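**Student:** If you scroll down you'll find the structure; I have some questions about it.
The values are calculated or read from the model by the stated rules, or taken from the named source; none is laboratory data. Only a predicted model underlies this, so the values are computations on that prediction, with no experimental measurement involved. For neighbour counting, all protein chains shown are included, and Cβ atoms are generated from backbone atoms with ideal geometry for every residue, glycine included.
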Amino acid sequence: ANGDGTIDFREFLCALSVTSRGKLEQKLKWAFTMYDLDGDGFITRKEMLEIVTAIYKMVGSVMKMPEDESTPEKRTDKIFRQMDKNMDGKLSLEEFIEGAKSDPSIVRLLQCDPQQN
């Protein structure tokens, strides 16, 4: 929506949110499939790091990150500490949905609330 001729991840999610009448849980299921790069039903630390790194490349210079999220690795570690309840090193759909619902920054992104962190 910034007119630069490309669609970044945030713009894509916003477009999806605007065109989708789905509930938050449906959007989280969709997001899970985007993070589950190999489609095995789990998000590994490596998959999460790949997506988080891509997001940081797009928004890192315009968003001020808290110290414990200042790098993609730190953010990935924080996500896994919050979401990986059985500590098996991968996130199931259930862990992802429950964890995302308890993280306001993820909910805001999926609901395209323009309010920044």
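**Student:** Suppose we filter segment 53-67 for residues that are part of a helix (DSSP H, G or I) and under 12 Å from Ser105 (Cβ atoms); how many remain?
**Tutor:** Qualifying residue count, segment 53-67: 2.
**Student:** Further question on the same structure: Just to be sure I understand the filter: pairs with C-beta atoms under 6 Å, separated by 6 or more residues or on different chains, first member in segment 24-45 and polar (S, T, N, Q), second member at pLDDT 85 or above. Which pairs pass?
**Tutor:** Thr44/Lys90
**Student:** Which one of these is closer than 14 Å to Phe9 by Cα, at pLDDT 90 or above and surrounded by 13 or more Cβ atoms within 10 Å (Cβ to Cβ): Glu98, Glu50?
**Tutor:** Glu50
**Student:** Hey, another quick one. Please state which of the following conditions Ser70 fails to meet, knowing it meets all the rest: (1) modelled with pLDDT of 90 or more; (2) over 13 Å from the mean Cα position of the chain (by Cα).
**Tutor:** (1)
**Student:** Determine which member of the set Lys57, Lys64 is modelled with pLDDT under 90, out of contact with any Ser or Thr (no Cβ under 7 Å at 6 or more places or on another chain), over 14 Å from Arg10 (Cα atoms) and not hydroxyl-bearing (Ser, Thr, Tyr).
**Tutor:** The match here is Lys64.
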